[in-house]
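These notes are about the structure you will find just below.
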């Protein structure tokens with residue numbers, strides 16, 4: 001553990017203006033969901049800390065050294081942060097693992113992804129161009145892109161390493177100062193990223209890390225008049241609350257919210273490949289993913305054969321301590337969230353659902369103290385069942401049949417969400433037709449969760465506003481300005 005991000009008393013401090021500050025009071029506990037034991041205490045920011053973070057961010061972003069830094073110089077800084085992430089890969093992966101319970105292989109992969117994201121935006125930073133626009137008179141006109149100034153990035157607990165990189169890297173590349181507010185469940189990776197950024201030479205105050213509850217520090221940051229833009233990834237209800245505050249402030253926001261993604265298997269699909277895609281799409285990360293393929297639509301003529309293969313594969317997943325060799329699924333990220341999942345499964349049974357596999361906690365003695373839950377598949381539900389319509393955010397798959405293309409598209413789009421979707425078929429004409437008709441920000445064909453930092457990502461409908469990743473992910477943190485030269 002880095003000594004700069006933990007005090008001798010064991011309480012992790014805030015990072016404000018390049019200084020590590022322990023908030024008064026006992027803070028709040030980080031609990032290891034694999035064991036139920038407390039990892040350490042984390043400082044909870046007060047209104048005074050929020051004020052200090054915003055003030056230090058504005059002071060830093062107005063400094064000539066940052067404001068006038070050339071793109072290739074800013075890119076070099078981002079690359080040094082990426083190198084620091086690589087150098088601290090084991091520390092970062094372990095912090096995520098003990099805070100949200102992801103298996104070790106996923107944690108290490110997400111560290112590598114975070115470093116790659118900083119390198120990608122280093123490349124974008126020094127290569128992206130502004131535009132000279134077609135004149136309509138005797139003048140030269142061009143578009144210049146400039147930072148908002150101080151932006152707040154609020155990240156979720158399910159994949160903090162990747163989510164923080166996907167917000168901080170482009171926001172810094174765009175020239176902003178960033179106040180990073182991580183989930184109270186997974187605060188440490190953000191603090192460690194702050195330390196790495198300082199050691200890489202990022203000016204103090206350009207990246208501040210403010211920990212605390214969403215209803216406390218998070219709300220104060222969003223409401224603060226000095227915050228010019230907010231980027232949030234998390235639940236739809238929280239996204240709505242942020243949007244209401246932003247509306248009063250006339251402040252732009254980026255919201256990446258919930259999902260209830262349809263995962264479609266047609267009769268002509270490679271069933272073995274589809275099984276692996278469906279399994280990874282819902283049980284990777286214990287199903288705690290915004291793009292989880294949680295609604296399975298299988299063409300009726302093959303439904304029984306496909307479900308037999310799927311259930312056998314689901315039952316083969318090893319649920320174990322996240323650092324156990326061969327573990328395929330670790331615990332749910334918190335005990336409170338496991339209870340929510342259990343209540344959703346109970347509602348499914350009450351509405352006529354049949355538990356085809358799972359639906360309970362594992363009975364292994366060495367897992368009894370942790371927040372574990374078995375991979376679960378539920379059949380016999382109607383499309384309007386609560387568990388089919390609402391995001392469970394756990395390892396729970398609802399299986400439904402479809403008859404033809406029209407029936408499929410109607411069912412798949414019958415949701416307030418529209419984040420992602422997947423199609424398995426040998427007919428690429430069908431794949432194209434269905435993909436064009438699905439109301440989703442991402443469509444995977446004969447694959448699932450194939451993500452790229454270079455491809456814009458976001459949702460339709462209540463799954464969000466704005467697009468992260470890609471060049472548009474940098475422009476998200478900038479505002480355009482028209483400049484005219486008389487000729």
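Each value in this text was obtained by applying a stated rule to the coordinates, not by laboratory testing. Keep in mind that this is a model prediction, so the values were computed, not measured. Positions of Cβ are generated from backbone atoms using ideal geometry, with glycine treated the same way; all protein chains shown enter the neighbour counts.
Shape analysis of segment 16-89 based on the Cα gyration tensor places the equivalent ellipsoid semi-axes at 31, 22, 7 Å, largest first.
Summary of packing: across the peptides 278-285, 84-91, the per-residue average of other C-beta atoms within 10 Å ranks them, highest first, as 278-285, 84-91.
Can you put 40, 386, 477 in order, fewest other beta carbons within 10 Å first? Provide the component values of the computation, followed by the final result.
Values: 40 19, 386 14, 477 26.
Least crowded to most crowded, the residues run 386, 40, 477.
Is the shape of segment 262-452 best called rounded, prolate or oblate, per the rule: a/c under 1.5 gives rounded, else a/b larger than b/c gives prolate, else oblate, with a ≥ b ≥ c the square roots of the Cα gyration tensor eigenvalues? Taking the square roots of the gyration eigenvalues as a ≥ b ≥ c, segment 262-452 is prolate.
The Cα atoms of the chain cover 68, 66, 40 Å along the three principal axes, with the biggest extent listed first.
Rounded to the nearest 5, the antiparallel percentage of DSSP beta bridges internal to the chain is 40%. Between residue 19 and residue 315, the simple spin-label model (points 7 angstrom out along Cα→Cβ) gives 6.1 nm.
Would you mind telling me the antiparallel percentage of the DSSP bridges in segment 262-452, rounded to 5? Write out the running numbers ahead of the final one.
Working: 3 of 23 bridges.
Close to 15 percent.
The fraction of Cα-Cα pairs per 5 angstrom bin, counted from 0 for segment 151-274, comes to 2, 10, 21, 21, 17, 9, 6, 5, 4, 4, 1, 0 percent, rounded to whole percents. Computed from Cα positions, the angle between helix 47-61 and the longest principal axis of the chain comes to roughly 60 degrees.
Taking only the C-alpha atoms of segment 380-487, Rg followed by Dmax gives 18.1, 72 Å. Ordered by the count of other Cβ atoms within 10 Å of each Cβ, fewest first, 342, 256 give 342, 256.
Could you check how many percent of all C-alpha pairs in segment 286-385 are farther apart than 23 Å? Summing the P(r) of segment 286-385 above 23 Å gives 29 percent of all pairs. Going from the residue with the fewest nearby Cβ atoms within 10 Å to the one with the most, 139, 145 rank 139, 145.
First measure r as the distance between the Cβ atoms of residue 140 and residue 68, then evaluate 1/(1 + (r/R0)^6) with R0 = 25 Å and state the FRET efficiency to the nearest 0.05. Each step should come with its number before you reach the end.
Numbers: r = 23 Å, r/R0 = 0.92.
The computed FRET efficiency comes out at 0.65.
A straight chain from residue 128 to residue 429 at 0.36 nm per residue would run longer than the Cα-Cα distance by 104.9 nm. Residue separation of residue 76 and residue 384 scaled by 0.36 nm, minus their Cα-Cα distance, works out to 105.7 nm of gained length.
The convex hull drawn around the Cα atoms of segment 228-297, when projected onto a plane and averaged over every direction, covers 5.8 nm². Each label point was placed 7 Å from the Cα along the Cα-to-Cβ direction; for residue 270 and residue 455 their separation is 1.7 nm.
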